[in-house]
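*Asks:* Below you will find the structure I want to go over with you.
The values are calculated or read from the model by the stated rules, or taken from the named source; none is laboratory data. None of these values were measured; they are calculated from a predicted model. Ideal geometry is used to build each Cβ from the backbone, glycine not excepted, and the neighbour counts take in all protein chains shown.
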Amino acid sequence: MKYIEKLHYITHDIPHLSHIEQAQLACEAGAKWIQYRCLSKSDEELLQDINAIAEICDDWGTTLIVTDHVHLNGKADIQGFHIENMDADFIALRKLVGNDITLGGSVNTVENLIRLVRAGADYVGYGPFAETETKPNNYTLLGIEGYQHMVGALKAQAISIPVLAVGGIKIYDVEALMQAGIYGIAVSGALNFADDFIEAYQDFYRVVKESAVN
Ligand SMILES: Cc1ncc(COP(=O)(O)OP(=O)(O)O)c(N)n1
Ligand SMILES: Cc1ncsc1CCOP(=O)(O)O
Ligand SMILES: [Mg+2]
């Protein structure tokens, strides 16, 4: 078992803040878990970003997860990878990165979620909760009911894994989501486009902690 933080902040390609600036702001706000999600740069550019963000995370005691790019394992101070390909072979990935590296994955069905648990994922991001501008897609939106269903299905099969809700989550959704019994929240847009990033992060954090039932 590895420690998984309850609030994951995901960086994004946005015009008004670089990934490094996003990570700095998140750490200043108190973030303990940052997922660097950049799918638009060369390996050299990625490593420049990741090394700078890893230094910031090191200063603030924050876990750094990288979305995909598993081939960069060992090339920078990265604590884990979040795999977006729902069909990825997690057994092979685990063999590749070893047991110390945190491995999480995206899923949008209970069946896929259970497959990842059995293949040794440390946590999963389950979504999308609602429409998101960050990565528009055609998946069925889960809503609160989708999370209630998933929590019931895992309980019925005595399956336990940290499940993060993700996709289009706003501050006013957090309490109901946490009370549905999910482990935590992964968020990007609601912080990146907030009037005050730090205040928005701290509001998310407070409500996540206050409303958690798991
Ligand atoms: C923790 C966490 N959960 C989910 C995602 C998003 O993954 P992604 O595969 O981009 O989303 P969909 O394809 O399901 O829309 C993430 N990055 N982190
Ligand atoms: C990478 C990604 N893919 C689907 S949702 C998401 C990030 C989080 O979504 P949001 O920006 O709406 O919080
Ligand atoms: Mg995906």
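*Asks:* Please indicate, with yes or no, whether at least one residue in segment 109-120 is under 23 Å from A165 (Cα atoms), of a type in the set (G, A, S) and away from ligand 1 (no atom under 11 Å from the Cβ).
*Replies:* Yes; the residues of segment 109-120 include at least one that is under 23 Å from A165 (Cα atoms), of a type in the set (G, A, S) and away from ligand 1 (no atom under 11 Å from the Cβ).
*Asks:* While we're on this one: Restricting to segment 81-114, name every residue that is within 18 Å of A153 (Cα to Cα), hydrophobic (A, V, I, L, M, F, W, C) and away from ligand 2 (no atom under 16 Å from the Cβ).
*Replies:* If the condition is that a residue be within 18 Å of A153 (Cα to Cα), hydrophobic (A, V, I, L, M, F, W, C) and away from ligand 2 (no atom under 16 Å from the Cβ), then V110, I114 are the ones that fit.
*Asks:* If I ask for residues that are charged (D, E, K, R), more than 16 Å from T67 (Cα to Cα) and part of a helix (DSSP H, G or I), which ones from segment 1-43 would you list?
*Replies:* Within segment 1-43, E21, E28 qualify.
*Asks:* Follow-up. Yes or no: segment 107-115 includes at least one residue that is in contact with a Gly (Cβ under 8 Å, 6 or more places away or on another chain), within 13 Å of ligand 3 (Cβ to nearest atom) and assigned to a loop (DSSP other than H, G, I, E, B).
*Replies:* Within segment 107-115, one or more residues are in contact with a Gly (Cβ under 8 Å, 6 or more places away or on another chain), within 13 Å of ligand 3 (Cβ to nearest atom) and assigned to a loop (DSSP other than H, G, I, E, B).
*Asks:* Right, another one. What do you reckon, is G152 surrounded by fewer than 21 Cβ atoms within 10 Å (Cβ to Cβ) and away from ligand 1 (no atom under 16 Å from the Cβ)?
*Replies:* Taking the combined requirement at face value, the residue satisfies it.
*Asks:* Also: Hey, does segment 203-210 have a residue that's buried (at least 18 other Cβ atoms within 10 Å of the Cβ) and under 30 Å from L96 (Cα atoms)?
*Replies:* So far as segment 203-210 goes, no, none of its residues is buried (at least 18 other Cβ atoms within 10 Å of the Cβ) and under 30 Å from L96 (Cα atoms).
*Asks:* So, one more: Only one of D100, D77, D43 is out of contact with any helix residue (DSSP H, G or I) (no Cβ under 9 Å at 6 or more places or on another chain) and charged (D, E, K, R). Can you tell me which?
*Replies:* Residue meeting the stated conditions: D100.
*Asks:* Can you pull out every residue in segment 22-41 that is of a type in the set (S, T, N, Q) and either over 16 Å from A52 (Cβ atoms) or without any contact (Cβ under 8 Å) to a residue 40 or more places away in the chain (or both)?
*Replies:* Correct list: Q24, S40.
*Asks:* Just one of V124, V117 is surrounded by 22 or more Cβ atoms within 10 Å (Cβ to Cβ), away from ligand 2 (no atom under 11 Å from the Cβ), β-branched (V, I, T) and farther than 16 Å from M178 by Cβ; which is it?
*Replies:* The conditions single out V124.
*Asks:* Only one of (1) surrounded by fewer than 16 Cβ atoms within 10 Å (Cβ to Cβ); (2) in contact with a Cys (Cβ under 8 Å, 6 or more places away or on another chain) fails for L39. Which number is that?
*Replies:* (2)
*Asks:* Please specify each residue of segment 68-81 satisfying the condition of being within 16 Å of ligand 1 (Cβ to nearest atom), surrounded by fewer than 19 Cβ atoms within 10 Å (Cβ to Cβ) and not in a helix (DSSP H, G or I).
*Replies:* Within segment 68-81, D68, Q79 meet the criteria.
*Asks:* Sticking with this one: Could you check segment 127-139 and list, in sequence order, the residues that are farther than 17 Å from Y172 by Cα and either charged (D, E, K, R) or more than 11 Å from ligand 1 (Cβ to nearest atom) (or both)?
*Replies:* Result: E133, K135.
*Asks:* Counting only residues that are within 16 Å of ligand 3 (Cβ to nearest atom) and not hydroxyl-bearing (S, T, Y), give me the strands (runs of 3 or more DSSP E) lying completely in segment 118-214 with at least 3 of them.
*Replies:* Qualifying strands (runs of 3 or more DSSP E): 163-166.
*Asks:* Just wondering, is there one or more residues in segment 41-62 that are within 14 Å of ligand 1 (Cβ to nearest atom), under 19 Å from the mean Cα position of the chain (by Cα) and modelled with pLDDT of 95 or more? Can you show your working first?
*Replies:* Restricting attention to segment 41-62, the residues satisfying the condition of being within 14 Å of ligand 1 (Cβ to nearest atom) are none.
Scanning segment 41-62, I find no residue that is within 14 Å of ligand 1 (Cβ to nearest atom), under 19 Å from the mean Cα position of the chain (by Cα) and modelled with pLDDT of 95 or more, so the answer is no.
*Asks:* Pick out the one residue from D87, D58 that is in a loop (DSSP other than H, G, I, E, B) and closer than 22 Å to D122 by Cβ.
*Replies:* Values: D58 fails: in a loop (DSSP other than H, G, I, E, B).
Sole residue among the options that is in a loop (DSSP other than H, G, I, E, B) and closer than 22 Å to D122 by Cβ: D87.
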